[in-house]
Amino acid sequence: VSELMDMVNCEYENTPGFVCNDIQNVDLIYFSTGGGKTETFLGCCMFAAFFDRIRGKENGVTAIIKYPLRLLAAQQLDRVLALTINANKVKNENNIGGDDFSVGFFTGSKNTPNKIDEKKKQDIESMTQESRNGVYRQIDICPKCKQPMDVFFDEGNWLLRHRCTNEACQYEPPIYIVDDEIYRYSPTFVISTIDKMANVGTSMGFKALFGQATNRCEKHGFIASGKRCNVPGCKCAIVGDIDRKDPVPTLSIQDEMH
C-alpha cells in the first residue's frame, strides 16, 4: 500500500496537494521467507496494470519481472498467468478500454525459440503433438478447467500458442513464449531472466518492449524497426506513427536477488 502513491506519481507529479515518497531515496525492508514478498509485488503489478489502462496506456509493458534463474521464472509463470486471466475478467466486466492483459515468458533460446521462420515453422508442424509439448509447452494444465494443454502453431497470427485439450473448453491463455512474439505484442507482464536484459544493447526488437515501436501491423503487432512487418508473407496494412501513451514499462522488478 505504501507504494501506491509512488506508482501514480507519473500522472499527478505536479498536482497541488499530491504527496508521495521521495523517490530519490531507497527503502530497504526485510521480510523472512513466507512473509508475502511475491504477493506484494504481484499486487503492485496488478494495480499498475489497471491504473495504466484507466489513465490511457492502452498497450505496452506494465512490469518486467526479472529472476536470476530460468527455474525461478518458470515457477512464477503459473501464478502470474492466473492473476492475469482473472484481471482480464474484471477489466472486461467493467468495460475498461485498451488491450487485454497478457504475459510474456522471456527466458532464452534454450527454453523457448527466439524467432520462428519458415523452416522453424515446418519443423514445429512436423513434430508429433507429444514431442511438441515436450519441447515447447510452458503451461501444463488449463487455468480454467484443469485439463492438459497442447502447443500448436497458429500460422494466421504467426504465434506458438497453448490450447486446452478439453473439447468443451479449448481455452487459449494470453501467453507469448517466443522472443519475436513478445517484441511484437509487448505483453503487460514480462517474466524474464537477468541475462535476457543484455539484449537491450544488441536486439532491435528489444527496444519495442521499452516503447520505441511506433508502427504496428494490423494483425501481427508492433514493428520495432522499419515500416514492414517481419512475419513471413505478411501483406497486412501498417499503421504508422502511433501516438502511444507512456509506453515505457511502469515497473521493473528484480526478484530473488542472490
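Please count how many residues of the stretch 243-258 are at pLDDT below 85, open to solvent by 40 Å² or more (accessible area, probe 1.4 Å) and either β-branched (Val, Ile, Thr) or within 20 Å of the chain's Cα centre (by Cα) (or both). Residues in the stretch 243-258 being at pLDDT below 85, open to solvent by 40 Å² or more (accessible area, probe 1.4 Å) and either β-branched (Val, Ile, Thr) or within 20 Å of the chain's Cα centre (by Cα) (or both): 1 in total. Of all residues in the stretch 220-253, those being among the polar types (S, T, N, Q) and under 13 Å from Ser186 (Cα atoms) number 1. Residues of the stretch 4-17 that are under 21 Å from Val248 (Cβ atoms), out of contact with any Lys or Arg (no Cβ under 6 Å at 6 or more places or on another chain) and open to solvent by less than 80 Å² (accessible area, probe 1.4 Å): Leu4, Asp6, Met7, Val8, Asn9, Cys10, Thr15. Residues in the stretch 35-52 that are open to solvent by less than 40 Å² (accessible area, probe 1.4 Å) and under 15 Å from the mean Cα position of the chain (by Cα) were compared, and the one that is farthest from Ala213 (Cα to Cα) is Leu42. One residue stands out in the stretch 191-213 among those that are of a type in the set (Val, Ile, Thr) and more than 21 Å from Asp99 (Cα to Cα): the one that is least open to solvent (accessible area, probe 1.4 Å), namely Thr193. What do you reckon, is Tyr12 aromatic (Phe, Trp, Tyr), in contact with a Ser or Thr (Cβ under 8 Å, 6 or more places away or on another chain) and either free of Cβ contacts under 8 Å to residues at least 40 places away in the same chain or farther than 21 Å from Gly211 by Cβ (or both)? Spelling it out, it is not the case that Tyr12 is aromatic (Phe, Trp, Tyr), in contact with a Ser or Thr (Cβ under 8 Å, 6 or more places away or on another chain) and either free of Cβ contacts under 8 Å to residues at least 40 places away in the same chain or farther than 21 Å from Gly211 by Cβ (or both).
Note on the stretch 79-110: among residues that are touching a strand residue (DSSP E or B) at 6+ places or on another chain (Cβ under 8 Å) and of a type outside the set (A, V, I, L, M, F, W, C), the one that is farthest from Thr62 (Cα to Cα) is Gly108. Taking the criterion of being more than 25 Å from Gln122 (Cα to Cα) and without any contact (Cβ under 8 Å) to a residue 12 or more places away in the chain, would at least one residue in the stretch 215-234 satisfy it? Yes: the stretch 215-234 contains one or more residues that are more than 25 Å from Gln122 (Cα to Cα) and without any contact (Cβ under 8 Å) to a residue 12 or more places away in the chain. Here Asn166 passes the criteria (1) at pLDDT 95 or above; (2) closer than 30 Å to Ser203 by Cα except the one numbered (2). Taking the stretch 214-234 as the range and being surrounded by 14 or more Cβ atoms within 10 Å (Cβ to Cβ) and of a type in the set (Lys, Arg) as the test, the residues that pass are Arg216, Lys219.
The values are calculated or read from the model by the stated rules, or taken from the named source; none is laboratory data. All values derive from a computational prediction rather than experimental measurement. Cβ coordinates were reconstructed from backbone atoms using ideal geometry, including for glycine residues, and neighbour counts include every protein chain displayed. Heavy atoms of the whole protein, side chains included, go into the accessibility calculation; ligands, DNA and RNA do not. Shrake-Rupley method; radii C 1.70, N 1.55, O 1.52, S 1.80 Å.
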